[in-house]
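First comes the structure, then the notes that go with it.
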């Protein structure tokens with residue numbers, strides 16, 4: 001049987017029994033379209049979490065975590081519709097915190113039904129946490145002008161998503177930015193004065209300004225009150241400008257680490273006083289991406305008592321080896337056991353994820369985390385530069401991540417079994433996820449700076465690769481989203497052959513609009529469509 005993640009033990013008798021329905025909770029029966037019938041679920045006790053299907057008496061014994069057991073039952077029912085296998089499954093998880101973190105702030109806000117689809121998938125794969133990265137899109141009632149034209153969630157939408165997750169045993173919690181990455185808020189005229197930098201698009205809050213700090217604390221307090229979750233992510237990443245702008249003008253000396261610590265001490269206290277656990281990104285605490293002379297100043301911050309009781313989200317999206325990630329994990333020193341490992345899907349700045357980098361990153365980071373005794377992981381999907389990558393494209397990686405974290409990494413067949421997708425299409429997904437496709441499509445489609453830096457040799461090599469790929473998959477009938485990627489490759493080849501027409505780009509734009517609107521609110525789509533039509537206009541004007 002193909003069970004996600006690979007269980008500790010499974011014993012399949014080889015027998016299948018006719019299935020007419022089972023006594024799942026009503027909510028799960030409805031959401032997964034599984035009828036009630038003659039099969040009964042009986043709760044018992046046992047090691048770990050487990051399921052024992054007893055065919056002769058039409059009984060399914062379960063023990064341990066109910067939601068894990070229900071997910072396993074549903075997975076079993078997907079293997080052979082209309083039948084259920086006689087099997088005994090024992091599961092034991094190495095990570096107690098199994099999370100997925102989704103960026104909705106860079107241009108693509110999911111519809112409520114899309115959130116629910118994601119949550120059902122997370123439930124089926126046995127995740128138990130879902131973080132929504134908001135930036136300016138949280139439904140703050142006190143500041144209704146923030147995010148209003150960018151598709152921010154309403155209070156009712158947020159509550160519906162949180163409640164839906166709760167019914168599935170998944171805690172939905174907010175991931176906020178209240179120090180850096182505040183550009184969408186600070187660019188509004190009424191909040192520009194709170195920007196550390198002269199250009200608010202840099203995104204760093206002027207935490208040397210008391211009024212600016214209080215503004216952040218009000219945003220946080222309202223989010224804490226509106227969120228029933230145990231966890232609140234307060235952000236804290238990539239605040240490189242902190243202490244270098246207006247706050248530097250006041251003192252004449254660089255005090256970024258001190259300002260960071262003081263600002264986060266107050267935010268940590270706001271969260272803890274409400275009986276919740278704050279999460280903070282770990283890059284500034286480890287000196288990630290800082291020059292050596294600056295790293296020592298920031299590394300002292302991690303020893304501050306402010307981080308007691310804080311979960312540190314230690315992120316790194318590179319395809320490093322296991323030893324690299326082992327060192328990364330141990331950089332947190334005495335805070336090591338407070339961390340969760342945060343790999344990434346490499347779906348940002350692209351129309352399709354770089355599977356090669358994402359798989360290597362997840363495999364090695366999560367293996368190292370498991371061996372080092374880290375208690376949890378939270379895989380991330382970001383949307384830098386417009387969130388062009390459709391959410392449907394990252395669903396296989398959500399499965400792969402759980403399989404690398406808790407199983408043995410063999411995700412392809414399991415994806416095929418659970419979705420009903422032919423293995424030949426799974427192979428196409430992997431081919432599109434190679435860097436020659438995922439990393440190059442955007443550059444060639446829009447003939448950007450990197451396109452013009454390519455040598456003739458590089459262009460010929462890319463043409464050869466893409467022609468070979470299209471030949472390999474020409475008889476494969478693809479779903480609409482993957483067909484769009486195939487069409488993108490075809491148009492890219494036309495550009496490389498100097499045969500691209502404005503209508504080629506406009507046709508792609510129209511297809512992409514349909515895909516975007518099938519899963520997202522319309523806000524942000526205009527940014528993406530402008531690129532297609534702009535490229536078409538340049539071709540029509542003869543300027544490329």
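Being modelled with pLDDT of 95 or more and within 19 Å of residue 386 (Cα to Cα) narrows it down to one of 186, 168, 178, so name that one.
186
Which of the residues that make up segment 294-312 are outside any helix (DSSP H, G or I) and surrounded by 15 or more Cβ atoms within 10 Å (Cβ to Cβ)?
The answer is 304, 310, 311, 312.
Name the single residue that is farthest from residue 394 (Cα to Cα) among those in segment 313-352 being touching a helix residue (DSSP H, G or I) at 6+ places or on another chain (Cβ under 6 Å) and surrounded by 24 or more Cβ atoms within 10 Å (Cβ to Cβ).
325
So which of 58, 111 ends up being on the phi > 0 side of the Ramachandran plot and surrounded by 14 or more Cβ atoms within 10 Å (Cβ to Cβ)?
Criteria check complete, one pass: 58.
Picking from 244, 265, which residue would you name as being more than 26 Å from residue 201 (Cβ to Cβ), in contact with a helix residue (DSSP H, G or I) (Cβ under 8 Å, 6 or more places away or on another chain) and touching a residue at least 24 places away in the same chain (Cβ under 8 Å)?
Only one candidate passes the filter, namely 265.
Name the single residue that is nearest to residue 113 (Cα to Cα) among those in segment 509-544 being modelled with pLDDT of 95 or more and not in a helix (DSSP H, G or I).
Among those residues, the one meeting the criterion is 520.
Examine segment 392-400 for a residue that is closer than 28 Å to residue 313 by Cβ, modelled with pLDDT of 95 or more and out of contact with any helix residue (DSSP H, G or I) (no Cβ under 7 Å at 6 or more places or on another chain), and state whether such a residue exists.
Within segment 392-400, one or more residues are closer than 28 Å to residue 313 by Cβ, modelled with pLDDT of 95 or more and out of contact with any helix residue (DSSP H, G or I) (no Cβ under 7 Å at 6 or more places or on another chain).
With (1) crowded, with 17+ Cβ neighbours inside 10 Å; (2) touching a residue at least 24 places away in the same chain (Cβ under 8 Å); (3) closer than 26 Å to residue 172 by Cβ; (4) in contact with a strand residue (DSSP E or B) (Cβ under 7 Å, 6 or more places away or on another chain) as the list, and residue 96 as the residue in question, which single condition is left unmet?
Of the numbered conditions (1) crowded, with 17+ Cβ neighbours inside 10 Å; (2) touching a residue at least 24 places away in the same chain (Cβ under 8 Å); (3) closer than 26 Å to residue 172 by Cβ; (4) in contact with a strand residue (DSSP E or B) (Cβ under 7 Å, 6 or more places away or on another chain), the odd one out for residue 96 is (1).
What number of residues in segment 276-293 are in a loop (DSSP other than H, G, I, E, B) and either outside the structural domain of residue 261 (by TED's automatic domain parsing) or out of contact with any strand residue (DSSP E or B) (no Cβ under 6 Å at 6 or more places or on another chain) (or both)? Before the answer, list the steps.
Initial filter on segment 276-293 (in a loop (DSSP other than H, G, I, E, B)): 276, 282, 287-291.
Cutting the leftovers down to either outside the structural domain of residue 261 (by TED's automatic domain parsing) or out of contact with any strand residue (DSSP E or B) (no Cβ under 6 Å at 6 or more places or on another chain) (or both) gives us 287-291.
Total satisfying the criteria: 5.
Filter segment 56-86 down to the residues that are part of a helix (DSSP H, G or I) and touching a residue at least 60 places away in the same chain (Cβ under 8 Å) and list them by number.
66, 67, 72, 75, 76, 78, 79
Can you tell me which residue among 365, 325, 345 is free of Cβ contacts under 8 Å to residues at least 60 places away in the same chain and under 30 Å from residue 529 (Cα atoms)? Can you show your working first?
Details: 365 fails: under 30 Å from residue 529 (Cα atoms); 325 fails: under 30 Å from residue 529 (Cα atoms).
From the options 365, 325, 345, the qualifying one is 345.
Being out of contact with any strand residue (DSSP E or B) (no Cβ under 6 Å at 6 or more places or on another chain), surrounded by 13 or more Cβ atoms within 10 Å (Cβ to Cβ) and more than 30 Å from residue 420 (Cα to Cα): is that true of residue 499 here?
no
Within segment 510-530, can you find the residues that are surrounded by fewer than 19 Cβ atoms within 10 Å (Cβ to Cβ) and closer than 18 Å to residue 441 by Cα?
510, 511, 513, 515, 527, 529, 530
I'm trying to understand the selection: among the residues of segment 176-198, which are closer than 11 Å to residue 242 by Cβ and either out of contact with any helix residue (DSSP H, G or I) (no Cβ under 7 Å at 6 or more places or on another chain) or surrounded by fewer than 22 Cβ atoms within 10 Å (Cβ to Cβ) (or both)?
180, 197, listed by residue number.
Provide a single number: the residues in segment 440-471 that are in a loop (DSSP other than H, G, I, E, B) and touching a residue at least 24 places away in the same chain (Cβ under 8 Å).
3
Given the condition modelled with pLDDT under 95 and in the same structural domain as residue 244 (by TED's automatic domain parsing), answer yes or no: does some residue in segment 261-275 qualify? Quick ask: steps written out before the conclusion?
Let us first name the residues in segment 261-275 that are modelled with pLDDT under 95, namely none.
No, segment 261-275 has no match at all.
In segment 169-181, which residues are assigned to a loop (DSSP other than H, G, I, E, B) and farther than 12 Å from residue 219 by Cα?
Filtering segment 169-181 down to residues assigned to a loop (DSSP other than H, G, I, E, B) leaves 169-170, 176-181.
Once the filter is applied, which keeps residues that are assigned to a loop (DSSP other than H, G, I, E, B) and farther than 12 Å from residue 219 by Cα, segment 169-181 yields 169, 170, 180, 181.
The values are calculated or read from the model by the stated rules, or taken from the named source; none is laboratory data. Please read these numbers as outputs of a predicted model, since none were measured by experiment. Methodologically, a virtual Cβ is constructed for each residue, glycine included, from the backbone with ideal geometry; neighbour enumeration extends over all protein chains shown.
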